Amino acid sequence: MKRKWMVIALLLLPLSAFAHPGHEGGGYVGGFFHPFSGLDHMIAMLALGMWAAMRQRALLQVGSLFLGGMLIGGALGMHGYAPSMLETLVMGSALLAAMLVAFAAKFPLQAQLAISALFAVVHGMAHGVEIPGTAAAMPYAAGFMLASAVLISAGFLFARKLRELKSQRIAGGVLAVIAGLMLAAA
């Protein structure tokens, strides 16, 4: 029972709703803390980890592909390529990822990997665009990649801990409601 309240308390912490430019610090530490600075990034990565947990042994495949796609997106973002509606795409991908969990969406593995890769490129672009001007690109990318791996793994472990598909779907639904409210408020 205490754990449920701890999760609720964490969700109510005053984090910024969306990740945004102007983060203090750069390098590895700035990159590591960036994914934790916006609920949109956290929801998407936790949900993708939870979605991977619905398929046996998919964490390594989904996680690896996500990190590779995010690195490509990060490079694009660092070089100034980003669609004008990038934040909406990031939040939309978070909502869709959470809905995939809430509805226990089953796709062939290749489709699941393609969806994860698409979300990854979008999130990577956001990380790349938001790199502080004084930050070194490689340490910053290493930081946000490690943090993303932690969040995806945490989502996977959380879903495995829940064990029951119904509980996993409820958790995905909660994430989807939060993401939907954030998208509506944007």
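The values are calculated or read from the model by the stated rules, or taken from the named source; none is laboratory data. The shown structure was predicted, so the numbers you read here are calculated from the model rather than taken from an experiment. Here the Cβ positions follow ideal geometry from the backbone for every residue, glycine too, while neighbour counts run over all protein chains shown.
Output the number of the condition that Ala135 fails; it satisfies all remaining conditions of (1) within 17 Å of Leu46 (Cα to Cα); (2) surrounded by 15 or more Cβ atoms within 10 Å (Cβ to Cβ).
(1)
If you go through the range 102-119 one residue at a time, do you hit one that is out of contact with any Ser or Thr (no Cβ under 6 Å at 6 or more places or on another chain) and closer than 17 Å to Gly38 by Cβ?
Checked against the condition, which is being out of contact with any Ser or Thr (no Cβ under 6 Å at 6 or more places or on another chain) and closer than 17 Å to Gly38 by Cβ, the range 102-119 yields no hits at all.
Scan the range 78-125 for residues that are touching a residue at least 40 places away in the same chain (Cβ under 8 Å) and under 14 Å from Leu67 (Cα atoms) and jot them down.
Within the range 78-125, Leu113, Ser116, Ala117, Leu118, Phe119, Ala120, Val121, Val122, His123, Gly124, Met125 qualify.
Pick from the range 32-56 the residues that are free of Cβ contacts under 8 Å to residues at least 60 places away in the same chain and more than 16 Å from Ala104 (Cα to Cα): which of them is surrounded by the fewest Cβ atoms within 10 Å (Cβ to Cβ)?
Step one: filter the range 32-56 for residues free of Cβ contacts under 8 Å to residues at least 60 places away in the same chain, giving 37-38, 55-56.
With more than 16 Å from Ala104 (Cα to Cα) added as a condition, the list becomes 37-38.
On the way: Ser37: 18, Gly38: 24.
Filtering the range 32-56 for residues that are free of Cβ contacts under 8 Å to residues at least 60 places away in the same chain and more than 16 Å from Ala104 (Cα to Cα), the one surrounded by the fewest Cβ atoms within 10 Å (Cβ to Cβ) comes out as Ser37.
For the list (1) over 20 Å from Met182 (Cα atoms); (2) under 12 Å from the mean Cα position of the chain (by Cα); (3) of a type in the set (A, V, I, L, M, F, W, C), I need the number of the one condition that Ala97 fails.
Here Ala97 meets the rest and fails (1).
Out of curiosity, is Met91 over 19 Å from Leu146 (Cβ atoms) and modelled with pLDDT of 95 or more?
So Met91 does not fit the description; no.
Is it fair to say Ile72 is at negative phi and over 14 Å from the mean Cα position of the chain (by Cα)?
yes
Any idea which residue in the range 130-166 is farthest from Pro83 (Cα to Cα), counting only those that are modelled with pLDDT under 90 and of a type in the set (Ser, Thr, Tyr)?
It comes out as Thr134.
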